[in-house]
1. Please find, among Asp350, Asp386, the residue that is closer than 25 Å to Pro255 by Cβ, surrounded by fewer than 17 Cβ atoms within 10 Å (Cβ to Cβ) and of a type in the set (D, E, K, R).
2. For the stretch 150-181, which residues satisfy the criterion of being surrounded by 16 or more Cβ atoms within 10 Å (Cβ to Cβ) and free of Cβ contacts under 8 Å to residues at least 24 places away in the same chain?
3. Check off (1) outside any loop (DSSP other than H, G, I, E, B); (2) out of contact with any Leu (no Cβ under 7 Å at 6 or more places or on another chain); (3) surrounded by fewer than 23 Cβ atoms within 10 Å (Cβ to Cβ) for Leu381 and give me the number that stays unchecked.
4. Among the residues of the stretch 327-362, what is the count of those that are touching a Cys at 6+ places or on another chain (Cβ under 6 Å) and either farther than 19 Å from Val282 by Cα or of a type in the set (D, E, K, R) (or both)?
5. Could you name every one of the strands (runs of 3 or more DSSP E) located completely within the stretch 110-203 that has at least 2 residues being over 20 Å from Tyr223 (Cα atoms) and modelled with pLDDT of 90 or more?
6. What tally of residues in the stretch 217-248 results from selecting those that are buried (at least 17 other Cβ atoms within 10 Å of the Cβ) and closer than 20 Å to Val177 by Cα?
7. Mind listing whichever residues of the stretch 245-281 are in contact (Cβ under 8 Å) with a residue 60 or more places away in the chain and aliphatic (A, V, I, L, M)?
8. So if I check each of Leu189, Leu244, Leu153, which one is among the aliphatic types (A, V, I, L, M) and under 30 Å from Thr341 (Cβ atoms)?
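The values are calculated or read from the model by the stated rules, or taken from the named source; none is laboratory data. Every value quoted in this text rests on a predicted model; they were computed, and no experiment measured them. Using ideal geometry, Cβ is built from the backbone for each residue, glycine included, and neighbour counts are taken over all protein chains shown.
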Amino acid sequence: MPGRVVPLLVLSLCLTVGPVQSQGSHQDAFIIQYLERRLAQVEERLNQCEQNTASVTQKTYDLSSEIRGYLSTLTVLRSEVKSQVDSMSVRVERMEREMEYLENKIPNQSDIEMEEALLEQQIKAAELDQLQKKAKIKVENDCSTALSQIKSLKIVNKAGDTYGSWFKDPSEGSAKVYLLSGIRNNTLLEYSSLQSFTERTTTSPAKVIELPFHWQGTGHMVYNGFLYYHKADTPNQIVKVDLLNGTVVDSTLLPGAGRLPVYSLNLNNYLDLAVDELGLWVIHADPDFGGNLVITKLDKKSLAVEFTWDTQCKSHDAEGAFLICGTLYVVYNSRYGGRSTVQCLYDIHDTIHSDESPVMFFPKRYTSHSSIHYHPGEKQLYAWDDGYQTIYKVETRRNDQVTDQSITE
């Protein structure tokens, strides 16, 4: 009996220990799984922390680089400000010295009053002298002729470039014809007569005159055997050349001229010389006067300025101008080329006015002029018309005569 009890007890113990061991293994697996999940979460948080740390480190580096750039810019600005302050300090010191110098040099009140009185006397004397010169022009050169119409045209020849200038010497008894081709050159062609220029035969060739300086533009003029022209590469220098020997006789700088083309449709001309019954003139534009045209009377011998008149005629859309008996006639056109018209005039004698004069048309020829010169003896205009040498016949009247000023088309 005791022998059976022992195996039964062993069997019972085995049966009891088996479930206990099985239950412990399940708990261990659960704990391991839990620990693995926790470790994975910890690793994920560590990776996130590492990424955040790298991002913060990069932002810190970028901010540091930006601050270094600002510091470099500030250093440059500081250097510039210091330089400007030093320069200003030098200027202030210089100004202080100049003010001190001026204070020592300023005259007393009595000297100032004497100088002002002398200046007033000089101004009055200059104004009186100008008025006397103007009166002298009017009295000694009684001229009461006005343009009534441009009657007809004659195409004489086609020679030279598209732009140029040609004319006869308006001196009494002179028959010579002169041609200057182009807007910049130093060669003048002289023909013995208009017939010689027209025929251009080998038996009477043109005389070639080499000028001492190049000309500029097309506003030249020959008067009494002397060529007057605008010297190239100068703003306002007029040269007088003796055509007998080709030497410079005189020259002058025209005050206030050369800053603006005379005519907006002829941009190569800054000085336009002209001759009428009263003598030698220069036409130019003044930017200080709204771009209006200005006429200046010159002494043909010394080139001294006798008087200057500011006109109301605009240079805009103008292609040329000429004078008859001290009256400026301005020729207007289109920049595309069209029929030329005289739409503005200015009379130095103040006997005819632009608003009372009708528009005068040139004979029908829809081109443009690069130069127009009046011959007072022949009552003709010598024009360079798009490469053609053209003569216009003009009709005049006396200012004191009442005539029918019809517009001839």
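1. On the way: Asp386 fails: closer than 25 Å to Pro255 by Cβ.
So the residue among Asp350, Asp386 that is closer than 25 Å to Pro255 by Cβ, surrounded by fewer than 17 Cβ atoms within 10 Å (Cβ to Cβ) and of a type in the set (D, E, K, R) is Asp350.
2. Val177, Ser181
3. Failed condition: (3).
4. Residues meeting the conditions: 1.
5. On the way: elements: 145-158, 164-168, 177-181, 187-191.
Passing ranges, in order: 145-158.
6. If we filter the stretch 217-248 for residues that are buried (at least 17 other Cβ atoms within 10 Å of the Cβ), which is where we start, we get 217-223, 226-231, 236-241, 243.
With closer than 20 Å to Val177 by Cα added as a condition, the list becomes 217-223, 226-230, 239-241, 243.
Qualifying residue count, the stretch 217-248: 16.
7. Within the stretch 245-281, Leu265, Ala274, Val275, Leu278 meet the criteria.
8. On the way: Leu189 fails: under 30 Å from Thr341 (Cβ atoms); Leu244 fails: under 30 Å from Thr341 (Cβ atoms).
Unique residue meeting the criteria: Leu153.
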